[in-house]
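A quick write-up on the structure given underneath.
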Amino acid sequence: MRLGYLRTRLILTSVGLLALVLGAVFVVVYTATDLSANRQAQKQLQVGSNVFSNLLEARAHELVAATEILVADFGFRQAVATGDQPTIRSALLNQVIRIGADQAMLFDAQGGMRIFSVRNGDSVPGDVQALQRLSDQAMIAIIDDQPYLLVEAVVKAPVVLGQVAMAFSLDEELALELQKLTGLEIRFVSSHAGNVMTSFSTLTDSAPEMRAADDGDMVETEGYLTTVFTLLEQSEYRVEAQLASPLSETLASFDLLKRELLIITLVALLASSLLAVHLSGSLARPVAQLAEAATRIGRGDYTGQVQLDRNDELGLLAERIDAMRVGIAEREELIVHNALHDPLTGLPNVGVVREQLRSAIAGGQGGVLAQCNLLTADLLLKARGQDFMDTLIRQSVASLEGFLPANVLLAWQPGSGFLLLLKERELEEAVVIMDGALARLAQKMQVQDIKLSSQWLAGLVAWPQHGRDPQELLRQASIALNDAAPGAERIAVYQAQSDQAYQRRIRLARDLRYAAQHHELSAVFQPKLDLASGEVRQVEALMRWQHSQLGMIRPDEFIPLAEQTGSITMLTEWMIVAVLSQLRDWIDRGIHLQVAMNLSARDLDDPEFPRRVERMLRAQQISPDYLALEVTESAVMRDPQASIDSLLVLRDLGISLSVDDYGTGYSSLATLKSLPVQDLKIDKSFVLQLAENSDDAVIVKSTIELAHNMGLRVIAEGIENAGSLAWLKARHCDVVQGYFISRPLSAADLERWMDETRGTFV
């Protein structure tokens, strides 16, 4: 029997505790017998005294109830009312005999005795010598030198006619009856002026006089513990109840207790050992079963029901564990489902696609992975909200159900769109299936309150031709999707060279965030020629990025990346600091040039941007008219109202503003009119072939006239030859810039160029 087992510990604990308790009780009883006997006698006497008092009161209550039966009798009340004494006397005598009373009396309403009856039938007047109330309806009385328990009841019909009293003798018969009930020796003693009149006792004549100092006190006298109750004390009359508890009997019972206790101790130890074995087994076995069930649940086995055929706490615990098993199984099933399925569409997610790809590749199967996405998702989300997009996606899923071949896995990944796994399909066949799927998705459908025709694009990658790693195939499908375009090129197949370009874009987007702190950025300045005066009064600041490993990065490559990734705001801040620092240097050296620089749509979206520019100008102590800011049409059209608000603040500061790349956007004349700008800059795509292309000439000529009519200066960029310069000057263009005038130069080279070309263009 191992001590580590619960059953063993329960047995040893139960038996040990019981043996300790029984041993302690045995020792205490043996060492404190006399004291315990005395205490037991005192308690017995005390309890007996209480019982005596309660019995006396109970006896009085019973007698009162019996007496009230008599006075409630209609015939008796009629006899009392009419003064029919024979009937009254007969009724009293019958009631005395029936309830075992010794005497019965009838008093009139004034308290005078009218009839006196006794048990043997004689009826003679009695002498009530003393009377004292014992309780509400009982009294102790001395009648003809004899002590009595007296009860009373009022006769009403309905007025009070009189009072009936029943008397019961405090004699030896009553003492014996109370002895049987209390276990005490009892003596009733009545006396007058200290002389005993009557004495009724359960004790022998040789028993000691039972006397106590005060009522209720206990006194030990010759082997007895005694106490006295005074029932009546009036006019030198006294009635006492003396109670005694013999100590010898108590001590004898304790001697017997010693022997019985030894036997009981041994029997109890044996019985408790057997009971402990049984109880420990009844506890340990179900606990072991529950532990085994918990182990199964912990291993993930939720099949076996946990049940104990018990109605106690262990049975309840088994029910709770089984409910936990069912709950865990359901939640785990739900978790597994949610982990592998999209909550919006209910379709498998990318985790399922990745796992099936891995299985197919490991099994030697080939196939095609396709990624399909909504072209206008961002615009629809901004215009209609997320609920609209969710509805559109769910309806698109419904349109594809039943259309795709049975062995094609359709999945959905938020942010990536549909993923289709076409196992054992050639690339050409997959293109045909995807073309049909895109046509299906492009069909008009009712989405909430509008009918919509969606435009979807798809990118495909085949395995094992393009790779064997599921994660790499997913990445390649995303790259192919980026190469897809609306129209005939809506389905694109992965190309390795696209991957290289993609990797370059990823690296540039990552490194662009650290270009400033790595001192890879610089500013160059391209002169702007004022055609009227032939002088250069303004230059445009342009950013250059010299990558530490990739070399010079073209602006048209990293600026769109900065716009997409949000790094453009950092570049703008850097550029403003660089421009203002250069302006401060030029002003200090007497060179006064206005410097223009480009703003992005994100800059205009920030309502705090104008205030930051103001603070930077104040920090360098530069007048705002030294700074010019250029904003494109597309940047303004992204959020026209926010852009106009920012431009108004910048104009109020005194900063010059111009619309850059005019003609390439979609702004209306109304929008152009509302812009607080001073200059209109014609995009170089209209100026490069100005002499040869009559259509560009018409556009540029009309733009110059329109701008002048609106009070705007016109700046033309992209001047590559003298012919374009002369043509623009003849059409009264205000300012020009381009490689024919000068390439972008560093600050030092610009200063030298201005010294060398001063007066050349007049």
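Below is a table of values for the structure above.
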{"item": "Residue satisfying condition, being touching a strand residue (DSSP E or B) at 6+ places or on another chain (Cβ under 9 Å), basic (Lys, Arg) and on the phi < 0 side of the Ramachandran plot, within set Arg537, Arg510, Arg505", "result": "Arg537"}
{"item": "Test: Val736 is assigned by TED's automatic domain parsing to the domain that holds Asp585, in contact (Cβ under 8 Å) with a residue 40 or more places away in the chain, in a strand (DSSP E or B) and over 60 Å from the mean Cα position of the chain (by Cα)", "result": "yes"}
{"item": "Breaking point among (1) of a type outside the set (S, T, N, Q); (2) surrounded by fewer than 15 Cβ atoms within 10 Å (Cβ to Cβ); (3) modelled with pLDDT under 85; (4) part of a helix (DSSP H, G or I), for Asp499", "result": "(2)"}
{"item": "Meets criteria (surrounded by fewer than 17 Cβ atoms within 10 Å (Cβ to Cβ) and in a loop (DSSP other than H, G, I, E, B)) for Arg440", "result": "no"}
{"item": "Scan of the range 356-365 for residues that are free of Cβ contacts under 8 Å to residues at least 12 places away in the same chain and of a type outside the set (Ser, Thr, Tyr), ordered by number", "result": "Ala362, Gly363, Gly364"}
{"item": "Single unsatisfied condition, Gln564 versus (1) part of a helix (DSSP H, G or I); (2) polar (S, T, N, Q); (3) surrounded by 14 or more Cβ atoms within 10 Å (Cβ to Cβ)", "result": "(3)"}
{"item": "Residue count, the range 697-733 (criterion: part of a helix (DSSP H, G or I) and β-branched (Val, Ile, Thr))", "result": "5"}
{"item": "Enumeration of residues in the range 403-417 that are part of a loop (DSSP other than H, G, I, E, B) and crowded, with 17+ Cβ neighbours inside 10 Å", "result": "Leu404, Ser416"}
{"item": "Unmet criterion (only one of (1) aliphatic (A, V, I, L, M); (2) under 19 Å from Gly459 (Cα atoms); (3) in a helix (DSSP H, G or I)) for Leu420", "result": "(3)"}
{"item": "Residue match in the range 347-354 (condition: loosely packed, with under 14 Cβ neighbours inside 10 Å, touching a residue at least 12 places away in the same chain (Cβ under 8 Å) and either under 33 Å from the mean Cα position of the chain (by Cα) or assigned to a loop (DSSP other than H, G, I, E, B) (or both))", "result": "yes"}
{"item": "Search result, residues across the range 411-445 that are in contact (Cβ under 8 Å) with a residue 24 or more places away in the chain and of a type in the set (Gly, Ala, Ser)", "result": "Ala411, Ser416, Gly417, Ala430, Gly436, Ala437"}
{"item": "All positions within the range 613-633 that are touching a Gly at 6+ places or on another chain (Cβ under 9 Å) and surrounded by fewer than 15 Cβ atoms within 10 Å (Cβ to Cβ)", "result": "Ser623, Asp625"}
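Conditions tested, residue by residue: (1) more than 21 Å from Val539 (Cα to Cα); (2) assigned by TED's automatic domain parsing to the domain that holds Met575; (3) at pLDDT below 85; (4) aliphatic (A, V, I, L, M).
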residue	(1), (2), (3), (4)
Ile644	yes, yes, no, yes
Arg651	no, yes, no, no
Leu688	no, yes, yes, yes
Thr703	yes, yes, no, no
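For (1) closer than 29 Å to Tyr626 by Cα; (2) in the same structural domain as Leu657 (by TED's automatic domain parsing); (3) surrounded by 15 or more Cβ atoms within 10 Å (Cβ to Cβ); (4) not aliphatic (A, V, I, L, M), each residue gets a yes or a no:
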position: Met445; (1), (2), (3), (4): no, no, yes, no
position: Ala462; (1), (2), (3), (4): no, no, yes, no
position: Arg475; (1), (2), (3), (4): no, no, yes, yes
position: His519; (1), (2), (3), (4): yes, yes, no, yes
position: Ala523; (1), (2), (3), (4): yes, yes, yes, no
position: Gln546; (1), (2), (3), (4): yes, yes, no, yes
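The values are calculated or read from the model by the stated rules, or taken from the named source; none is laboratory data. The structure presented is a predicted model; accordingly, all values stated were derived computationally and were not measured. In this analysis, Cβ positions are derived from the backbone assuming ideal geometry, glycine residues included, and neighbour counts consider all displayed protein chains.
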